[in-house]
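Novice: I have a structure here, written as structure tokens, and I will follow up with some questions on it.
The values are calculated or read from the model by the stated rules, or taken from the named source; none is laboratory data. Here the structure is a predicted model, which means the values were calculated and not measured. Cβ: placed from backbone, ideal geometry, glycine included. Neighbour counts: every protein chain shown. Please note that ligands, DNA and RNA were not included when accessible areas were found on the heavy atoms of the full protein model with its side chains. Shrake-Rupley method; radii C 1.70, N 1.55, O 1.52, S 1.80 Å.
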Amino acid sequence: HGGARLLRGLRPLRVCHSPRSRVQALSGLALLTMDLAYITSLGLDVVSDAGAKPAAEASDPLGEVPPERLKEWEALQHRLRLQLKDCDDPGWSLEKLQRVGGLDIGFETGTNRATAVLIVCEFDSSGVSLKPVYEDAIDLDMDLPYVSGFLFVREIPAYDELLKRLRRSSPHLEPEIFLVDGSGMFHPRQCGSASHFGVVQDLRTIGVAKKLLAFDDFDAEQGRHVEDTVLTNLGDEVKLVGGKTGHIYGVALRTSALSESKKKQTDVSSKRVYVSVGNRVSLETAKEAILKCCDVGGGSYIPEPIRLADLTGRSIERAWK
């Protein structure tokens, strides 16, 4: 699958001098060890169940993790939430945005095997069009259990490794903002993977979820109301408001526009993403950044860096089969 790639216009792809990507150097066992070391480094204990079911088959994921472990993970998320910055950095604005990163992790159906991908896209001189300039991915076998609300256990170590590899091979291409496929503050403890990654690494991050979460302060009925609301125009939104607290967790945002290239015009308004602050950005800036990164002329409603990361991961999964 090659190594991290620098992508420049029509010039040939150049392989960076980085450890073997799609990671042979980090085999499933090695990456699992990295996961456990990461959790341990936070002062937490962790239990690995070698007989754990694949995520697609796990009928009772909470049963795989002792309650005291979940309490430790909750406490960690509460501590990180206190460090989270849900406002823009002084003096920084989207006018200065040149590069945007997209992070995505996908699991092969019916297994614990996954691919984590980082794509970096760069705006052209007009500040309108995006093109990919960097790509990297690592494969992993994830034996740690899936537990809703605690995806950081499975995702953050891989994202940390991808960031480390970027900084080692191509530091000049580090993005000003990272878009993470998942949630930031739209989370029961306002600290999803996008926020966790942003706070730990002190980065600007935005959570971009394709599906709505349901939790105590945002139940299924509220979710249905959001999903049933018709978003007529590009940029229309529905706030994700806590039913008990009134807290605004994020927005459902329409990111696609009508165009002649749309095959199903009647379905356009249903295409939306669920945007939440990760770290070091305001919700307003997060919305504007997502719209800026979408192909609003009729392409995908998914922000381009995440769309490309997802496509890369899927192509690797197909190669496995």
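Novice: Quick one: which of 254, 280 is on the phi > 0 side of the Ramachandran plot and either open to solvent by less than 20 Å² (accessible area, probe 1.4 Å) or modelled with pLDDT of 95 or more (or both)? Before the answer, list the steps.
Specialist: Working: 254 fails: on the phi > 0 side of the Ramachandran plot.
None of the other options fit; the residue is 280.
Novice: Now for a separate question. Anything in segment 59-93 that is out of contact with any Lys or Arg (no Cβ under 9 Å at 6 or more places or on another chain), assigned to a loop (DSSP other than H, G, I, E, B) and open to solvent by less than 60 Å² (accessible area, probe 1.4 Å)? List them, or say none.
Specialist: Within segment 59-93, 65, 66, 93 meet the criteria.
Novice: Which is within 14 Å of residue 151 (Cα to Cα) and of a type outside the set (Asp, Glu), of 215, 197, 178?
Specialist: Values: 215 fails: within 14 Å of residue 151 (Cα to Cα); 178 fails: within 14 Å of residue 151 (Cα to Cα).
Residue meeting the stated conditions: 197.
Novice: Right, something else. Across segment 208-224, what is the number of residues that are part of a helix (DSSP H, G or I) and crowded, with 16+ Cβ neighbours inside 10 Å?
Specialist: 2
Novice: Evaluate the following for residue 260: is it part of a loop (DSSP other than H, G, I, E, B), at pLDDT below 95, of a type in the set (Asp, Glu) and open to solvent by 40 Å² or more (accessible area, probe 1.4 Å)?
Specialist: In short, yes.
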